[in-house]
Structures are given as C-alpha cells and as structure tokens.
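In what follows, a structure is listed as structure tokens, so that the remarks can point back to it.
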Amino acid sequence: MCIRDRIKRTFTNNEEALILLMEYTLNYSFFDHPKSESNYTCLVVLNQPFAIPLFQLLYSLADYKIYADGGSNYVQRIIGKEALLKYKPDLILGDLDSIDKETEKSMKELGIEFLCKPEEDHTDSEKSLIFLEEEVIPKITDKNVNVIILGAFGGRMDHTLYNIHLLWKKIKDGPTKYQLFMVNNENLMTGIAKGHTIIKVPKKLTVSNGCGVVPIGKCEYISTKGLKYDMGKFSDLIIGPDCMVKSLEFGEFISTSNEIVEDVIDIEVSDPVIWVTQIDC
C-alpha cells in the first residue's frame with residue numbers, strides 16, 4: 001500500500017474547509033497475476049465451504065498459509081486427501097475443537113505444525129491475524145503484505161458479523177502494515193481508510209462488476225469516480241429534490257447494487273468504509 005500526505009480542499013454545507021487527507025493506493029490486481037516478488041501474501045482458510053478454483057487461485061498466490069481449525073476439514077473434504085501434499089498449510093491454528101480426527105491424523109502425517117490457542121476472547125480468524133501480526137508480518141520489510149481470509153462469510157450470521165467487525169477494527173484508525181481481504185465464493189470485502197484512495201481492480205475476480213460502499217455508522221463525506229452510480233462531486237445520483245448523495249449512514253443511505261465501470265476507482269471519504277465487490281472465479 002502506497003501512502004503519502006497531501007492537503008486537499010473540500011466543501012461542506014457550501015463552506016470551504018481545509019482538511020489533511022492521507023492518500024493511498026489499494027491495489028488488489030495482484031489477484032490477476034502469478035506470485036510476485038513485490039508482494040507477500042498470507043492465506044487463512046476458515047471453517048466454511050469454498051469453490052475449488054477459488055481456493056487453488058488463492059493458494060497459488062500465498063507465501064504463508066494457515067488453516068484455522070475446522071478449515072482443515074473443508075480442505076481435505078473438497079480437495080481430497082490425496083491432494084493434501086500439494087495443498088498443505090504452514091500451520092494449523094485455533095482452539096482445535098472443530099478439526100476432525102481423520103483430518104488431524106492426515107495433517108500430522110504430513111508433518112504440519114499445530115498451534116493450539118484455547119483462549120475464548122478471540123475467534124479463530126482473529127487468532128490467525130494476531131499470529132501473523134506477531135510472528136510473520138514483522139519479518140517482511142521490503143514487500144507489500146496482503147492477508148486473505150477465505151470463508152469469512154456464510155454459515156452463522158454472528159460469525160459473519162464478527163469478521164466484518166474484525167475488518168473494521170483494522171481500518172478505523174487508519175491503514176495497517178498490511179491489506180486485509182475477506183473472501184467467499186461470491187464476495188470480496190476490504191476496508192477503505194479515511195482519506196483519498198485509488199483502487200486498482202482485478203479483472204480476474206470481478207467479471208460481474210457488482211459492488212457496494214458501506215459505512216459502519218456514518219461517513220460524513222464521500223466522493224467516488226469510476227462507479228455506475230458515483231457519489232459526491234462526480235455524482236448524478238439523486239435521492240430526493242436537490243439532494244446529491246455525499247454522505248453514507250445506516251438508516252439514511254448506503255451504496256449497494258452499484259457497479260464498477262472503470263479499471264481504477266477514485267474514492268474520497270471522511271470516515272472509514274467497507275468496500276464490497278462481487279467475484280467470480
């Protein structure tokens with residue numbers, strides 16, 4: 001992620017306000033290419049079903065792989081026991097209450113390391129992130145670090161909501177040292193921090209082009225360019241008489257059922273938001 005400070009003028013209620021914005025590049029077009037020397041990618045597989053082509057793509061991009069507890073079951077069940085040698089993880093992590101005995105036996109026969117984290121204050125997805133933040137990511141100093149969580153949505157709604165909460169925790173105070181992506185068979189979700197972000201969209205995953213921009217609470221100001229229904233200063237989207245969309249808030253207006261129409265999306269926000277795209281692998 002590229003970051004630099006800049007001064008930019010915006011307008012609120014027809015009054016000019018000088019605000020300091022951070023400028024970022026959110027480039028997840030690395031999904032389109034083979035493993036790159038400029039990127040270091042970590043993959044976390046959770047306890048949810050997945051499509052084989054998507055798993056194979058993400059596995060091929062990953063430098064470090066964690067199967068979080070029951071995620072190991074789905075890998076063995078969907079990929080097949082005979083293919084485990086080709087698709088083995090670097091680590092199996094969690095409270096280990098969901099992994100099947102047969103899967104555990106298969107993984108141990110392959111010499112896979114197990115790390116039991118029995119504490120109940122964090123989910124297996126957050127335990128995996130904490131491990132990566134403490135043990136793996138600090139060692140990567142000269143590359144763009146990406147973390148992909150496969151199986152973040154679906155199944156129990158409270159687990160899905162917790163993963164959205166986890167994504168929000170990582171961007172609410174600004175970007176972290178890595179970009180976090182949450183994925184299932186149909187969706188990719190990531191965070192956009194306060195400021196100005198240039199989004200470089202992968203063509204391989206986003207052939208359907210559906211997208212949304214969702215606040216957690218309220219985003220006082222938003223401007224986008226490159227969407228079918230742009231908002232803010234580029235907007236021609238009207239939700240009422242003389243009312244141009246320039247903010248997002250639950251209970252008022254959020255951007256769903258939108259579409260990507262450009263390869264690069266320009267978005268400015270006063271508060272962090274969640275970026276969601278449809279994917280098709």
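The values are calculated or read from the model by the stated rules, or taken from the named source; none is laboratory data. Predicted model, so just to flag it, every value in this text is computed and none were measured. Heads up, the Cβs are rebuilt from the backbone with ideal geometry, glycines too, and the neighbour counts pull from every protein chain shown. These area figures cover heavy atoms from the full protein model, side chains too; ligands, DNA and RNA do not enter into them. Shrake-Rupley method; radii C 1.70, N 1.55, O 1.52, S 1.80 Å.
A compact table of results
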{"read-out": "Tabulated pairs, the stretch 10-36, first modelled with pLDDT of 50 or more, second part of a strand (DSSP E or B) and open to solvent by 100 Å² or more (accessible area, probe 1.4 Å), C-beta under 9 angstrom, 6+ apart or interchain", "value": "L21/D5; L21/I7; M22/R4; M22/D5; E23/R4; E23/D5; Y24/R4"}
{"read-out": "Of residues in the stretch 134-143 being of a type in the set (D, E, K, R) and out of contact with any Ser or Thr (no Cβ under 8 Å at 6 or more places or on another chain), the one farthest from N163 (Cα to Cα)", "value": "D142"}
{"read-out": "Condition met for K86 (over 12 Å from D69 (Cα atoms) and exposed (fewer than 13 other Cβ atoms within 10 Å of the Cβ))", "value": "yes"}
{"read-out": "Answer residue from the stretch 38-80, given it is of a type in the set (S, T, Y) and in a strand (DSSP E or B) and is surrounded by the most Cβ atoms within 10 Å (Cβ to Cβ) among those", "value": "Y67"}
{"read-out": "Selected residue (only one of G226, G154, G195, G232 is at pLDDT 80 or above, at positive phi and open to solvent by 20 Å² or more (accessible area, probe 1.4 Å))", "value": "G154"}
{"read-out": "Pick from the stretch 104-138, criterion touching a Phe, Trp or Tyr at 6+ places or on another chain (Cβ under 9 Å) and open to solvent by 40 Å² or more (accessible area, probe 1.4 Å), ranking: nearest to L61 (Cα to Cα)", "value": "E133"}
{"read-out": "Candidate set from the stretch 109-134 (those that are in contact with a strand residue (DSSP E or B) (Cβ under 9 Å, 6 or more places away or on another chain) and among the charged types (D, E, K, R)); member that is farthest from H159 (Cα to Cα)", "value": "E113"}
{"read-out": "Residues satisfying the stated conditions in the stretch 73-106, i.e. touching a residue at least 40 places away in the same chain (Cβ under 8 Å) and within 25 Å of E135 (Cα to Cα)", "value": "P89, L91, S98"}
